[in-house]
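Here's the structure, in structure tokens; my notes come after.
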Amino acid sequence: MSIPTWIIHLLTVSEWLTALLLIHRYGVRIARPGLRLFAVAMLPHLVGGLLVLAFHASGDRVDGLLDTARLFTFLGSWSLLAATLWLLLRARSKAVWVVAGLMAAGVGWGVSRLLGKADAAALLPGASLAYLAFLVLLLVLQRREPVLFSPVTVVGFWLLLVFVAGTIAATVFATERLGLPSLSHADLLHRGSELLLTVSNLLIALGVYRRLSTLDASDGCLPGPREVGC
């Protein structure tokens, strides 16, 4: 990969880590443990991103790194779904069993796919389904409790779908039209698709940063029907 493409990859991972830390801090500031759990649920995607970097650093030769990255992407999508469901059901005593059952179902499906001699790429449809469900629940949660996630952060999470669509289109063009082994061999296309993910992660982090800045500017209180974080 070229230096500009490496820079974009590093920015993408750094922005996700920044968003994770900011969400955890915001959860502490407004006394919502569920948000701190949500930040922890972002860790598998961070690990997946680091593994992708390691795969590219190997010259795209160590396929085990890519397979493990896909596994963590799968776990990350289900973790985000479970954490969002936990935030929605926090007032119900049986919430923990619902969330645990959801995670068990997702992980069980993934294990069954891997035991069926399928490679880690077979997990991607399950990861996509879980992420779509997460996005829908995130909209419900943002409408019910706007204090938790800013609209900018929600847009950032949704924008990841544009990254996925762009990556698929770029991969098809690189492999079928240009005859290259993979998208990584078409540096400009690779950089353009990764840039979409960089923008997505930037918006996620920016939305939380603005919420924290509002708290700081209003002496620790968010304006609204009832003050939050005071």
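The values are calculated or read from the model by the stated rules, or taken from the named source; none is laboratory data. In this text the structure is predicted, and so the values were computed from the model without any measurement. As a convention, Cβ positions derive from the backbone with ideal geometry for all residues, glycine included, and neighbour counts pool all protein chains shown. Accessible surface areas use protein heavy atoms only, side chains included; no ligands, DNA or RNA. Shrake-Rupley method; radii C 1.70, N 1.55, O 1.52, S 1.80 Å.
Using a 1.4 Å probe on the protein heavy atoms, what percent of the accessible area of the chain belongs to carbon and sulfur?
Working: 8090 of 11790 Å².
Answer for the chain is 69 percent, counting heavy atoms of protein chains only.
If packing is taken as the average number of other Cβ atoms within 10 Å across a peptide's residues, how do 203-210, 72-79 rank, most packed first? Numbers along the way, then the final one.
Working: 203-210: 21.6, 72-79: 24.4.
Output ranking for 203-210, 72-79: 72-79, 203-210.
Rounded, prolate or oblate: pick one for segment 139-182, where a ≥ b ≥ c are the square roots of the eigenvalues of its C-alpha gyration tensor, a/c under 1.5 means rounded, and failing that, prolate if a/b is larger than b/c, else oblate.
It comes out prolate by the Cα gyration axes.
How much accessible area per residue does the chain have, in Å², with a 1.4 Å probe?
Roughly 51 Å² per residue, with all protein chains present.
If you average the sequence gap of Cα pairs under 8 Å that are 6 or more apart and divide by the length of the chain, what percent do you get for the contact order?
Dividing the mean separation by the residue count of the chain yields 25 percent.
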